[in-house]
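Report on one structure; see the data block that follows.
The values are calculated or read from the model by the stated rules, or taken from the named source; none is laboratory data. Just so it is clear, the model here is predicted, and its values are computed rather than measured. A quick note on method: Cβ atoms are made from the backbone with ideal geometry, for glycine too, and the neighbour counts reach across all protein chains shown. What goes into the accessible areas is simple: the full protein's heavy atoms, side chains included, and nothing from ligands, DNA or RNA. Shrake-Rupley method; radii C 1.70, N 1.55, O 1.52, S 1.80 Å.
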Amino acid sequence: MSRPISKISPDWWDYTTLDEKLLRDAARLTEKDIRQLARPGFKVVMYETLEDFYLAEALEYINAWKQSTADNPAGICGPIGPTEQLPLVARIVNDLNLNVREGVFWGMDEWYLNGREAPVTHPLSFRRADMELCFNRIRKELRLRPENLHFPAANVKAYSKTYDQARCLLMQGGQGEVKHWAFNDPPQRKGKYVNKPPSPAEYRKLGTRVVDLHPMTVIQNARTSGEGQVFLVPRQALSVGPLETWKADKVSIWHPGHHDNKFGIRLTTLMISKRLPDAAVPMSLLADHPDVQFNFYRPAIGSCSTEMH
């Protein structure tokens, strides 16, 4: 029997094509329930203040870079979304006079325009955001070597290869409304995927690539980064894939409460905890990763009760 048609876009897979019972079970989860969904290989952490939340996120950069040496390079793959941790990373490095030159950083995604990665002059450039919010703020004598900064580019094979040249201790990310990390969006509903999405095992083989963006992702990025200017948001992007994600020792996802909604963070927590991977909910594929941590700003968890506005 064919799965339901998406309520968002009939040409795509997404979480609205899941069994309604699972969706309702997720919506009913309380804060206590979410805490209890932790299991071996899946940790749930709560933060009471945004200051503590973003400081802890920033410290993941510091702790990763402190483990890197010239002989054994290591580092972190980080997102744009959230971004509030980035200036804190620079401040910690500068104020504590930390030499992180041997550290490694991977940017996890970038927009794709006219057959190549978006230039840093693009108003929504992820690379520019990383440089302006973090790396250019670190004193020159302390900051990472330029050759240790890796950003997705049209030559996706060259970017992917860098994950075999240094150890990715941590892949950090946020969760989009379509339940992605990076731009690992659900696939389109066409060809052999008309009646069912690819299997989790098939999706996990995907490496860094050019992706077509789900309409929800386009709208979300216009909302969170462009004050609603949808015309600024490209329809394609470059994204680190599950292939590289599974080379990371640990995956750390940060939920401040405004990238995805109260229902979305419940759904992926439930699916990962109960080991229910589904390519229509890409974040749920992390159910099969050996070390995943979900970080919540606790006051933003709230409830999924209906409220008219």
- Note on the structure: Dividing the mean separation of Cα pairs under 8 Å (6+ apart) by the residue count of the range 1-78 yields a relative contact order in percent of 13
- Message: Rounded, prolate or oblate, given the Cα gyration tensor of the range 1-105, with a/c below 1.5 counting as rounded?
- Response: prolate
- Taking alpha-carbon centroids only, the range 40-113 lies from the range 211-273 a number of Å equal to 18
- Item | Count of Lys pairs (Cα-Cα under 30 Å; at least 8 positions apart or interchain) in the range 71-200 | 11
- Hey, rough spin-label estimate for Glu51 and Asn261, points 7 angstrom out along Cα→Cβ, what's it come to in nanometres? 3.2
- Query: Which net charge results for the neighbourhood of Gly115, defined as the other residues with beta-carbon distances under 15 angstrom from its beta-carbon, given Lys and Arg at +1 and Asp and Glu at -1?
  - Reply: 0
- Quick one: of the DSSP bridges fully inside the chain, what percent are antiparallel, nearest 5? 30
- Message: Using only the alpha-carbon atoms, how far is helix 85-95 inclined from the longest principal axis of the chain? Give it as 0 to 90 degrees, nearest 10.
- Response: 20
- Relative contact order (%) - criterion: Cα under 8 Å, at least six apart; region: the chain: 25
- Message: Quick check: the angle from helix 50-65's long axis to the longest principal axis of the chain, C-alpha only, nearest 10 degrees?
- Response: 60
- Item | Point-charge dipole on Cβ atoms (K/R +1, D/E -1) for the chain, about Cα centre, debye to 20 | 620
- Task: Enter the accessible area per residue of the chain (Å², integer; probe 1.4 Å; all protein chains in place).
- Result: 46
- Helix 215-225 sits off the longest principal axis of the Cα atoms of the chain, rounded to the nearest 10 on a 0 to 90 degree scale, by 40
- Which FRET efficiency value, to the nearest 0.05, do you get for Asp33 and His309 by plugging their Cβ-Cβ distance into 1/(1 + (r/R0)^6) with R0 = 22 Å? 0.30
- Unit Cα scatterers, Debye sum, the range 96-186: log10 I(q)/I(0) for q = 0.20 Å⁻¹: -1.16
- Query: Rounded, prolate or oblate: which one fits the range 150-230, using the alpha carbon gyration tensor with axes a ≥ b ≥ c (rounded when a/c is under 1.5, else prolate when a/b beats b/c, else oblate)?
  - Reply: oblate
- Query: Going toward the positive end of the dipole of the range 140-185, with +1 on Lys and Arg Cβ and -1 on Asp and Glu Cβ, which of Gly176, Val156, Ala166 do you reach last?
  - Reply: Ala166
- Per its Cα gyration tensor (rounded if a/c is under 1.5, else prolate when a/b beats b/c, else oblate), the range 203-301 is best filed as oblate
- With every protein chain in place, the chain: carbon and sulfur % of accessible area (1.4 Å): 52
